[in-house]
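Student: Okay, handing you the structure first.
The values are calculated or read from the model by the stated rules, or taken from the named source; none is laboratory data. Everything quoted here is computed from the prediction, not taken from an experiment. So basically every Cβ, Gly included, is an ideal-geometry build from the backbone, and we count neighbours across all protein chains shown. With ligands, DNA and RNA removed, areas are computed over all heavy atoms of the protein, side chains included. Shrake-Rupley method; radii C 1.70, N 1.55, O 1.52, S 1.80 Å.
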Amino acid sequence: MKNILKYLVNPICSWNHWTAIILCLIVWPNITKAQILYVGIKETASVVENQLEIASHYYGIEINKIILKQPYSNNEIGRNIALLNINAVIINANCPSEIVIKDIIRKISKSVPILVCGIKPQINNELLIELSGGRINGCRNINTQNEKGYYEFIGARTVTSYLKGIKLPFSGDINYSLSYTESKVLEPIIIYRDKENELNKYIFAKLDEGNREIFFNVEMKNNEFKPTSNIQFVHNDFMSFAAILMFIKYSCGDKCWHINYHYANLTIDDPWLTEPYGYFSYRNVLELTNKYRFHTTIAFIPWNYDRSEQEVVNILNKNKNHFSICFHGDNHNHTEFEIPSDNSYQEQEKKIMQAIYRMRKFEELTGINYDMVMVFPQKISPLKTLFLLKKYNFLGTINQGSIPIDEKPPKPIEYYLRNYSDEYENFLSIERYSLNGINRTELGINLFLDNPLFLYAHHNDFSKGYFKLINIVNEINQTDTNIIWNNPNSILRELYLQREISPNQFEILAFTNQILIKNKTQNEINYRIKKKETFNVPIRNVFLNGREISYLKNANEINIYVKLGKGDSCLIFIQYKNDLNSASINISKNNIYYNTLRWVSDFRDMTLPKIFAGGFIISIYYNSGLYKLGTLGILILVILITLVIILICRVLMMLYKKINKEKI
């Protein structure tokens with residue numbers, strides 16, 4: 001309330017903005033979100049209900065449940081149906097046919113899609129037979145004959161989206177397939193095939209019965225697993241949720257949480273601006289970028305701020321659509337952003353401020369802008385470090401993992417459907433994927449889930465050329481021809497979830513302190529922007545297109561209301577309080593340890609590739625995981641190089657002695 005009163009008398013505040021707030025506050029409570037009607041029977045545990053809870057929360061859809069109890073009665077059903085604004089109906093296959101068809105389906109518009117799920121051998125098949133006109137009469141066990149096959153998504157793109165064509169290995173968790181009499185009238189969406197492609201079992205299928213779309217799905221049990229990453233979820237458990245996620249997304253469309261655009265980015269860790277940096281060449285990558293369409297970000301070590309080569313500076317300044325720079329630690333000594341031994345984070349705070357001052361100097365020297373995004377050396381930081389990054393107005397952090405190293409992985413499965421989260425310190429943390437490890441399946445599933453694709457590599461990944469990069473870039477661009485390759489700043493500004501509440505009311509769930517909103521519709525839109533806030537860092541002010549505006553503060557979030565006309569856009573900037581600009585920070589490089597470490601790293605990356613057996617040594621260093629050991633790994637590398645040099649010298653000495661002996 002204090003915040004509101006402050007801005008009531010503030011002439012800086014836009015009256016247009018206040019008009020939007022007042023209108024939204026009046027209208028918003030009367031808006032009804034998209035709803036799903038779920039019909040089931042009372043039972044001790046329901047696989048379907050558990051998956052529906054997760055999927056509906058993921059998409060921001062409300063569930064209205066009708067749980068039937070024996071003896072079945074239609075009195076309560078009649079009252080519920082009259083009140084529902086239904087976008088989709090999900091029916092557990094074990095429900096009684098007479099009640100479902102007579103008292104529920106007949107009262108629902110034929111334009112509303114229906115999903116019958118949880119089909120398994122133990123249920124009564126009357127409902128299936130009735131709804132399918134006798135075409136589906138139950139399900140049967142998949143007989144794999146000890147030959148594990150695979151699942152394939154073959155349905156129309158309107159349903160499968162980016163999943164079409166994806167194949168997932170048989171996991172044994174979906175042991176049933178639909179039993180049908182007329183396959184010609186069924187549209188298969190997910191099928192099971194054996195290795196010889198002889199079996200063709202329907203797992204998830206669609207039937208057009210008159211003007212009504214009815215989907216049928218066998219029971220899909222989810223694994224008992226403890227995920228630690230989005231990639232692990234994709235491999236282990238996505239199949240269990242695939243059908244229900246596809247159905248909700250298909251049925252509710254833009255009323256689901258979704259992103260406006262799909263984004264991709266390639267980040268190269270470590271290089272400074274020199275040509276080439278080991279096996280990485282700026283000239284070669286620029287040529288490939290113009291030909292194959294992608295964007296490369298250099299995860300730049302701030303210690304390198306004052307030693308850029310003018311040729312590379314010119315390349316980056318002339319090709320800002322293709323190259324960008326973000327933070328990669330400060331000195332990159334591997335342990336600078338790990339858990340401090342004394343549990344004090346004052347030194348880390350100084351490192352963050354020093355990194356910012358060094359990058360400011362880098363921009364002054366080169367004219368190259370940098371992104372306020374952190375890529376940590378080796379692995380993500382502890383929780384407290386994310387708090388510090390938020391304090392100094394970073395947009396987010398992008399690493400191989402998204403969970404702080406001192407935190408346990410969250411238990412809810414829905415956390416792993418997205419590869420980004422502000423779960424920790426209300427600060428955006430994004431998971432990225434190795435250029436060597438990601439495949440077509442992971443790409444398709446993450447695009448279907450509206451996840452950004454952040455890829456990363458080191459210079460050593462190009463020791464044999466750029467073929468792998470070209471193949472992955474082509475795969476991404478072919479999977480989504482409209483995907484936007486961009487720098488981390490631009491991607492994170494638009495990495496928010498949006499859903500349509502009504503034709504002129506949109507709701508946005510933001511994750512960063514900068515939110516770029518674009519009205520792509522043909523209407524004037526009132527936006528309600530929500531951002532989770534525990535106010536662990538005080539907010540200094542909020543700007544809309546550079547002008548200070550008001551916001552509404554709740555217990556655990558802030559709300560900002562904006563009205564945009566057709567085709568208009570705006571940038572919201574939430575600025576947090578810190579002492580950065582008044583701090584005195586030394587950016588000089590007078591630490592012997594850091595200087596030695598950077599010299600050794602340059603020798604490893606830039607000199608070794610040019611000498612005999614250098615490529616072999618580097619390959620061992622990266623492929624064995626020595627690089628993950630930080631300073632210890634470099635020490636082992638130095639010892640390995642020394643041993644190789646000694647061995648070569650001994651061989652040469654032996655040859656020399658042998659030649660001299662033969663002369664005698």
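Student: Out of the total accessible area of segment 163-306 (probe 1.4 Å, heavy atoms of protein only), what percent is carbon and sulfur?
Tutor: Result for segment 163-306: 42 percent of the exposed heavy-atom area is carbon or sulfur.
Student: Might you report the magnitude of the Cβ-based charge dipole of segment 253-339 about its Cα centre, with Lys and Arg at +1 and Asp and Glu at -1, to the nearest 20 debye?
Tutor: 560
Student: For segment 463-516, with only Lys/Arg (+1) and Asp/Glu (-1) charged at the beta-carbon, what is the dipole magnitude about the Cα centre, in debye rounded to 20?
Tutor: 280
Student: Further, regarding this structure: Please list, by residue number, every one of the trypsin sites (Lys or Arg not before Pro) in segment 295-327 that is coil in DSSP and has at most 14 other beta-carbon atoms within 10 Å.
Tutor: Arg307, Lys320
Student: Using mean Cβ contacts within 10 Å as the protection proxy, how do 100-108, 408-416, 375-383 order, highest first?
Tutor: Per-residue Cβ counts within 10 Å, averaged per peptide and sorted highest first, yield 375-383, 100-108, 408-416.
Student: Starting at the first residue of segment 586-599, write each ³J(HN,Hα) from the Karplus equation 6.51 cos²θ - 1.76 cosθ + 1.60 with θ = phi - 60°, in whole Hz, x for Gly and Pro.
Tutor: With the stated coefficients, segment 586-599 comes to 8, 9, 5, 10, 10, 8, 4, 4, 5, 5, 5, 4, 5, 5 Hz.
Student: Separation of segment 420-490 and segment 225-273 by C-alpha centroid, Å?
Tutor: Between the Cα centres of segment 420-490 and segment 225-273 lies a distance of 11 Å.
Student: Further, regarding this structure: Go through 577-583, 539-545 and give me the packing order, highest mean Cβ count within 10 Å leading.
Tutor: My ranking of the peptides, most packed first, is 539-545, 577-583.
Student: What ranking of Thr607, Thr267 comes out by heavy-atom accessible area, probe 1.4 Å, highest first?
Tutor: Largest accessible area first, the list is Thr607, Thr267.
Student: Which order do peptides 432-440, 340-348 fall in by mean Cβ count within 10 Å, highest first?
Tutor: Put in order of decreasing packing, that is 432-440, 340-348.
Student: Right, here's the next one. Could you pull out the pairs from Lys391/Lys411; Lys530/Lys563; Lys361/Lys589; Lys148/Lys221; Lys110/Lys167 whose alpha carbons sit more than 22 Å apart here?
Tutor: Over 22 Å Cα-Cα: Lys391/Lys411; Lys110/Lys167.
Student: Ok, one more. Please state the charge dipole magnitude for segment 382-530, taken about the Cα centre, from unit charges on C-beta atoms (+1 on K and R, -1 on D and E), reported in debye and rounded to the nearest 20.
Tutor: Magnitude of the dipole: close to 220 debye.
Student: Which loop GluC sites (Glu not before Pro) in segment 517-593, with loop taken from DSSP, have no more than 16 other Cβ atoms within 10 angstrom of their Cβ?
Tutor: Glu524
Student: Using θ = phi - 60° and the Karplus curve 6.51 cos²θ - 1.76 cosθ + 1.60, what whole-Hz ³J(HN,Hα) does each residue of segment 446-458 get, with Gly and Pro shown as x?
Tutor: 5, 5, 4, 7, 6, 9, x, 10, 9, 9, 9, 7, 10
Student: Same structure again: So what is the relative contact order for segment 381-441, in percent, with contacts set as C-alpha pairs under 8 Å and at least six apart?
Tutor: 40
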